[in-house]
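Trainee: The structure under discussion is supplied below as structure tokens; questions concerning it will follow.
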Amino acid sequence: MGIMCHRRNNVAPGTDQFKLWSSFSRASFRRMILDAVRCGGGVQRHKRPDQAGPINLCEPKEEKQMMKKKPAAGSDRLSDLMRLSESSENEDDVLLRRKVQMLEELKRVVKRLQSSHVDAVLEGAKEVRRLTKEDSQARSTLALLGAIPPLIALLDSDDSFSHIAALYALLNLAIGNDANKAAIVKAGVVHKMLILVNEFPNPDVAEAVVANFLGLSALDSNKPIIGSSGAIEFLLTILKNVEGTNSCQARQDSLKALYNLSISPLNVFPILETDLIPYIMNKLGDMGVSERFLSILCNVVSVAEARKAISSVPDAFPMLIDVLSWTDAPGCQEKASYILMVMAHKSYGDRQSMIEAGVASALLELTLLGSTLAQKRASRILECLRVDKGKQVSENYVGGGGMSTMISAPQASTAYSSSVQSNDRMDDDMMSEEKKAVKQLVQQSLQNNMKRIVKRANLPHEFVPSDHLKTLTTSSTSKSVPF
């Protein structure tokens, strides 16, 4: 909105222009100011009355907004950048100050460890345990500052409190740090810990030693050193817990440490020097630890001496075959089938022992109801047994032909035909037995599935399937799918 003023043609320049401009009334001037305020600000360009065209007191809206926004956006961005730089500088200063303070504290702790006063060393060990409990950076820094040698030297004292403080400080230093694990073993801690548990029998000290063996044995380069030191016998003693003084945590840690050590092939012979394998075989019925026991056997079964030690245990194959029926523990089934698969592949005598123990029916059931991995391993074992059976048949055939050469031709032909018939009859009997076994397994599988369905449907336990369902379960020959 604007006020339009036109110059008259008959008005002379000079005083006439002033008269024309002064002729505006006060009300008209006030209206002009109000119009300018409504347009968004003060007047930035004015038209004099003597100029042609209208007097536009309002700038275009877009141009005015751009003129207002540009300097505001630039100044805001600059202030934001300044604030960010100031805050980042403050955070960096705070972080740097904390790191310096932490380094000074760690230096003081190491200085205490290197002190000649026993009390100061003990306090330093406690501080190392506290500082390295959850701080990985502190573990690395303390090791670089030289905290490991004085902690290991503290194991030579006669005080059990000092032993425990040093052992748990070393344990925390080794958590998640392979360099510290290697440095601790290289400093001779394995030998000193074994001397400690022999000369100072203390359940708390023994538990701390077992925890250290568990942590240190996780590093591959430490496994042969620990295994050849005699630590396996100590760990097995803790696991057996003959005296009943070891805690449940110590027994679990010893079993895990034995598993770590069994991974290295160099530790198989130190394991065979103990009675670990017979102990494991006799404890396979304990569902809580059987999978870990089977894992140890899986690690050592590839060595011929270990296979011989396993097979020499009384009722070894019946115990392993029994594990194949543990439907609630698929991990145990997979590991037991692996052990049997390796032993069946490597030894004809072990295959015959498996057959005598009744492995065929357990393997057939496993091929139907086991996990995918267990099914594959069971099929491979069955394939090995089938090859042996074919060799026996061929040997019988060759033996009968060889004997027929010593008699006349008619007798030879008769003997040959009778030998073939007897071999065919033997194959038919073997096939019928396999079919019977498969049919029986299918029936058992269907019945087990029906029991699971009834249980999930919350039906009463005395629920009896109908005659039609019984007929289906007895006549079906298809593979059942586990429910």
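Trainee: When the stretch 182-221 is examined, which residues are found to be more than 26 Å from the chain's Cα centre (by Cα) and assigned to a loop (DSSP other than H, G, I, E, B)?
Mentor: The answer is Ala187, Gly188, Phe200, Pro201, Asn202.
Trainee: Oh, and also: Out of Thr245, Thr237, report the one residue that is of a type in the set (Ser, Thr, Tyr), surrounded by fewer than 24 Cβ atoms within 10 Å (Cβ to Cβ) and either outside any helix (DSSP H, G or I) or within 21 Å of the chain's Cα centre (by Cα) (or both).
Mentor: Thr245
Trainee: Can you tell me which residue among Ala165, Ala143, Ala125 is in contact (Cβ under 8 Å) with a residue 24 or more places away in the chain, closer than 28 Å to Asp220 by Cβ, open to solvent by less than 60 Å² (accessible area, probe 1.4 Å) and among the small types (Gly, Ala, Ser)?
Mentor: Ala143
Trainee: Related question: Within the stretch 222-233, does at least one residue satisfy the condition of being open to solvent by less than 10 Å² (accessible area, probe 1.4 Å), out of contact with any strand residue (DSSP E or B) (no Cβ under 8 Å at 6 or more places or on another chain) and not in a helix (DSSP H, G or I)?
Mentor: No, the conditions are met nowhere in the stretch 222-233.
Trainee: Here's something else I'd like to know. Identify, by number, the condition in (1) within 34 Å of the chain's Cα centre (by Cα); (2) crowded, with 18+ Cβ neighbours inside 10 Å that Pro318 doesn't meet.
Mentor: Failed condition: (2).
Trainee: What number goes with the only condition from (1) without any contact (Cβ under 8 Å) to a residue 40 or more places away in the chain; (2) hydrophobic (A, V, I, L, M, F, W, C); (3) surrounded by 21 or more Cβ atoms within 10 Å (Cβ to Cβ) that Ala374 does not pass?
Mentor: Looking at each condition in turn, Ala374 falls short on (1).
Trainee: Checking Trp326 against (1) among the aromatic types (Phe, Trp, Tyr); (2) open to solvent by less than 10 Å² (accessible area, probe 1.4 Å); (3) touching a Ser or Thr at 6+ places or on another chain (Cβ under 9 Å), which single condition isn't satisfied?
Mentor: (2)
Trainee: Okay, next question. Which of the residues that make up the stretch 206-238 are within 22 Å of Arg129 (Cβ to Cβ) and acidic (Asp, Glu)?
Mentor: Once the filter is applied, which keeps residues that are within 22 Å of Arg129 (Cβ to Cβ) and acidic (Asp, Glu), the stretch 206-238 yields only Glu207.
Trainee: From the set of residues in the stretch 346-371 that are under 31 Å from the mean Cα position of the chain (by Cα) and open to solvent by 40 Å² or more (accessible area, probe 1.4 Å), which is farthest from Arg307 (Cα to Cα)?
Mentor: So the residue we want is Leu369.
Trainee: For Ala138, are the conditions met, namely being in contact with a Ser or Thr (Cβ under 9 Å, 6 or more places away or on another chain) and either in contact (Cβ under 8 Å) with a residue 24 or more places away in the chain or of a type in the set (D, E, K, R) (or both)?
Mentor: Considered against the rule, which asks whether it is in contact with a Ser or Thr (Cβ under 9 Å, 6 or more places away or on another chain) and either in contact (Cβ under 8 Å) with a residue 24 or more places away in the chain or of a type in the set (D, E, K, R) (or both), Ala138 comes out as yes.
The values are calculated or read from the model by the stated rules, or taken from the named source; none is laboratory data. This is a predicted model, so every value here is computed, not measured. Here Cβ is always computed from backbone atoms with ideal geometry, including for glycine, and neighbour counts include all displayed protein chains. Accessible surface areas use protein heavy atoms only, side chains included; no ligands, DNA or RNA. Shrake-Rupley method; radii C 1.70, N 1.55, O 1.52, S 1.80 Å.
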